[in-house]
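No lab work stands behind these numbers, since they all come straight from the coordinates. Because the structure is predicted, anything quoted here is derived from the model rather than measured. Please note: Cβ atoms are built from the backbone with ideal geometry, for glycine as well, and neighbour counts cover all protein chains shown.
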Amino acid sequence: MNGITIALSKGRIFDETLPLLAAAGIVPTEDPETSRKLIIGTNRPDVRVVIVRATDAPTYVQYGAADLGVAGKDVLIEHGGAGLYQPLDLKIAKCRMCVAVPQGFDYDHVVRQGARLKVATKYLNIARNHFASKGVHVDLIKLYGSMELAPLTGLADAIVDLVSTGNTLKANNLVAVEEVMPISSRLIVNQAALKLKRETLGPILEVFTQAVEKIA
Ligand code: AMP
């Protein structure tokens, strides 16, 4: 396909990418929240948007099924980033990757004692690197969602998860005890497409860069 395909996930990433697309003169013709379509046209006949699961965006761009995409730093670290060019931090969908435990659990004491911690998370690579760099022994338990439930049921002592307002932790009597890293979403570009479609992609990247500087 000669045109440009952009991979976006529904929700915060789609919503917060819209102003950047608008700055580049690209306006999707449908809202993925109300449309069931997975391929959405834009006002530009040569640009389309594909709606993907957030964790799949790097895969679509890596294999060239999409030329451009937007993915959280968390998703990119877990994916590994192969085949991707990551030219720009879009500074959108900001949150923090945190270690959280049940209220009253003395995390610092357990860590100081050198005890083994059971940690449930969707983010195995991030969690492994974090605890390894601190020299904390952990057994990691992979979950696919609702990590907050793990410490409440005895599945794990702690979780590593994204925290935005902190409301989800609070509602489940959990507290963040450590920030692993700040998270925001990045623009990702297929490495081959960047060379082959430079004429079309170049101006879009340039406008995005300027728009991010203005918004930030
Ligand atoms: P909050 O209650 O606002 O702290 O949001 C926490 C929940 O939303 C967690 O279950 C997170 O997995 C999810 N979450 C928060 N921010 C993001 C983000 N930027 N990207 C993806 N998931 C997020």
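Worth a mention:
For every residue, the table says whether it meets (1) within 11 Å of the ligand (Cβ to nearest atom); (2) crowded, with 17+ Cβ neighbours inside 10 Å; (3) polar (S, T, N, Q); (4) on the phi > 0 side of the Ramachandran plot.
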{"residue": "ASP108", "(1), (2), (3), (4)": "no, no, no, no"}
{"residue": "VAL111", "(1), (2), (3), (4)": "no, yes, no, no"}
{"residue": "LEU124", "(1), (2), (3), (4)": "no, no, no, no"}
{"residue": "ALA132", "(1), (2), (3), (4)": "no, no, no, no"}
{"residue": "MET147", "(1), (2), (3), (4)": "yes, yes, no, no"}
{"residue": "ASP157", "(1), (2), (3), (4)": "no, yes, no, no"}
{"residue": "ASP161", "(1), (2), (3), (4)": "yes, yes, no, no"}
{"residue": "SER164", "(1), (2), (3), (4)": "yes, no, yes, no"}
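- Residue count for the stretch 38-65, restricted to those that are of a type in the set (Lys, Arg) and surrounded by fewer than 14 Cβ atoms within 10 Å (Cβ to Cβ): 1.
- Candidate set: the stretch 1-16, residues that are in contact with a Phe, Trp or Tyr (Cβ under 9 Å, 6 or more places away or on another chain) and more than 16 Å from SER35 (Cβ to Cβ); chosen: the one surrounded by the most Cβ atoms within 10 Å (Cβ to Cβ): ALA7
- Of residues in the stretch 24-55 being among the β-branched types (Val, Ile, Thr) and part of a loop (DSSP other than H, G, I, E, B), the one farthest from the chain's Cα centre (by Cα): THR29
- The residues of the stretch 33-72 that are within 16 Å of the ligand (Cβ to nearest atom) and under 19 Å from PRO87 (Cβ atoms), listed by number, are ALA57, PRO58, GLY69, VAL70, ALA71, GLY72.
- Sole residue being surrounded by 16 or more Cβ atoms within 10 Å (Cβ to Cβ) and more than 17 Å from the chain's Cα centre (by Cα), chosen from LEU76, LEU68, LEU21: LEU21
- For first residues located in the stretch 155-168 and in contact (Cβ under 8 Å) with a residue 60 or more places away in the chain, partners that are in a strand (DSSP E or B) and more than 11 Å from the ligand (Cβ to nearest atom) and lie 6+ apart or on another chain with Cβ distances below 7 Å form the pairs ILE159/VAL119; ILE159/ALA120; VAL160/VAL99; VAL160/VAL119; VAL160/VAL180.
- Failed criterion for ARG186 (all others in (1) within 15 Å of the ligand (Cβ to nearest atom); (2) over 26 Å from SER9 (Cα atoms); (3) in contact (Cβ under 8 Å) with a residue 60 or more places away in the chain hold): (2)
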